[in-house]
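Report on the following structure.
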Amino acid sequence: MDLGITGRKAAVAAASEGLGFGVAHALAAEGVRVAICGRRAEEVDAAAARLGGDAVALVADVSTPDGAAEFVRAARGALGGVDILVPNAGGPPAGDFASTTVDQYLEAFELNCHSAIAMCYEAVPAMREQGWGRVVAITSMYVRQPAAHLILSNTARAGLTGFLKTLAREVARDGVTVNSVLPGLHRTRRLISLSGDAGVESLAAGIPANVLGDPSDFGRVVAFLCSEHARFVTGTATPVDGGAYGGLL
């Protein structure tokens, strides 16, 4: 199926590996010109080479609002515009209420909420002016079903979800859609760092699909939300988790 986005330009944050790379790969396969970023030049350069074509590698630290905004500006300069924005960042440290300090919440907010907001402020005005745009943020299934050991991520990403829903309603009439995707357990370095090499395989047993997610499949879901076919889909927070989320809504 042709998604109707050939020739569009996308900025995909934190995409040298994992879910971000899966998204960049899916968009590039649809003929989208992609700019990706990472903190280390050798890693982001290697990722861009794997994407092939005219993918643009940028070194940026999107853990701060200034760094995140600069990534979008650099992507816009390299691509000649940004039609599609995919805010993304690594997660804050694991911990519960008893082990987490008050100051750590501010750090998590900067990483997983404020920085994504800064990217939107940098990209969305031009999307509104041209009458077309897509924002698809990568958050977490724990926005809907909080994990006891990830209190920082639960809190910061929930705040971002509120911002995205509000933004979606404000810009819908301008041809700009704003959605988020809520990944469950996917085979990424982040998951391995939290669970260990031995523990990561056992996690699949707790997923109704009985398998860990593939970042490539996740990327294709995001690509669809960026498509012309999804032009009437906005303000959603869509789980991509193999059925792990147990709620009705």
Fill in the blank from the handout: Scanning the range 93-119 for residues that are touching a strand residue (DSSP E or B) at 6+ places or on another chain (Cβ under 8 Å) and buried (at least 19 other Cβ atoms within 10 Å of the Cβ), the one nearest to Ala55 (Cα to Cα) turns out to be Met119
Fill in the blank from the handout: Leu106: passes all of (1) under 26 Å from Lys165 (Cα atoms); (2) touching a residue at least 12 places away in the same chain (Cβ under 8 Å) but (2)
Problem - Single residue of Phe218, Phe224, Phe163 found to be buried (at least 22 other Cβ atoms within 10 Å of the Cβ) and among the aromatic types (Phe, Trp, Tyr) - result: Phe218
Practice task
Return yes or no: is Gly213 free of Cβ contacts under 8 Å to residues at least 40 places away in the same chain, crowded, with 18+ Cβ neighbours inside 10 Å and either more than 22 Å from Gly81 (Cα to Cα) or touching a strand residue (DSSP E or B) at 6+ places or on another chain (Cβ under 6 Å) (or both)?
Solution key: yes
Practice task
Considering every residue within the range 48-56, establish whether at least one is touching a Leu at 6+ places or on another chain (Cβ under 6 Å), more than 18 Å from Arg189 (Cα to Cα) and among the aliphatic types (A, V, I, L, M).
Solution key: no
Fill in the blank from the handout: Over the range 166-189, the set of residues at pLDDT below 95 and surrounded by 14 or more Cβ atoms within 10 Å (Cβ to Cβ) is Gly184, Leu185, His186, Arg187, Thr188
Problem - Considering residues of the range 60-87 that are of a type outside the set (A, V, I, L, M, F, W, C) and under 10 Å from Ala11 (Cα atoms) only, the residue surrounded by the most Cβ atoms within 10 Å (Cβ to Cβ) - result: Pro87
Exercise for the section: Determine which single condition Gly52 fails, assuming it passes every other condition in (1) surrounded by 15 or more Cβ atoms within 10 Å (Cβ to Cβ); (2) on the phi > 0 side of the Ramachandran plot. Expected result: (1)
Practice task
Could you list, in sequence order, all residues of the range 98-116 that are part of a helix (DSSP H, G or I) and more than 17 Å from Cys37 (Cα to Cα)?
Solution key: Val102, Asp103, Gln104, Tyr105, Leu106, Glu107, Ala108, Phe109, Glu110, Cys113, His114
Problem - Residue match in the range 87-102 (condition: in contact with a Gly (Cβ under 8 Å, 6 or more places away or on another chain) and in contact (Cβ under 8 Å) with a residue 60 or more places away in the chain) - result: yes
Practice task
Check Arg189 against each of (1) basic (Lys, Arg); (2) within 29 Å of Met1 (Cβ to Cβ); (3) under 21 Å from the mean Cα position of the chain (by Cα) and name the one condition it does not meet.
Solution key: (2)
Handout entry: Hey, Glu122 part of a helix (DSSP H, G or I), within 16 Å of Arg8 (Cβ to Cβ) and of a type outside the set (A, V, I, L, M, F, W, C) or not
Key = no
Problem - Hits in the range 70-97 - residues which are assigned to a strand (DSSP E or B) and within 18 Å of the chain's Cα centre (by Cα) - result: Ile84, Leu85, Val86
Exercise for the section: Within the range 120-129, identify whether any single residue is surrounded by 16 or more Cβ atoms within 10 Å (Cβ to Cβ), in contact with a Gly (Cβ under 9 Å, 6 or more places away or on another chain) and under 23 Å from Gly95 (Cα atoms), and answer yes or no. Expected result: no
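The values are calculated or read from the model by the stated rules, or taken from the named source; none is laboratory data. Quantities reported herein were computed from a predicted structural model and do not represent experimental measurements. Note that we place each Cβ from the backbone using ideal geometry, even for glycine, and neighbour counts take in every protein chain shown.
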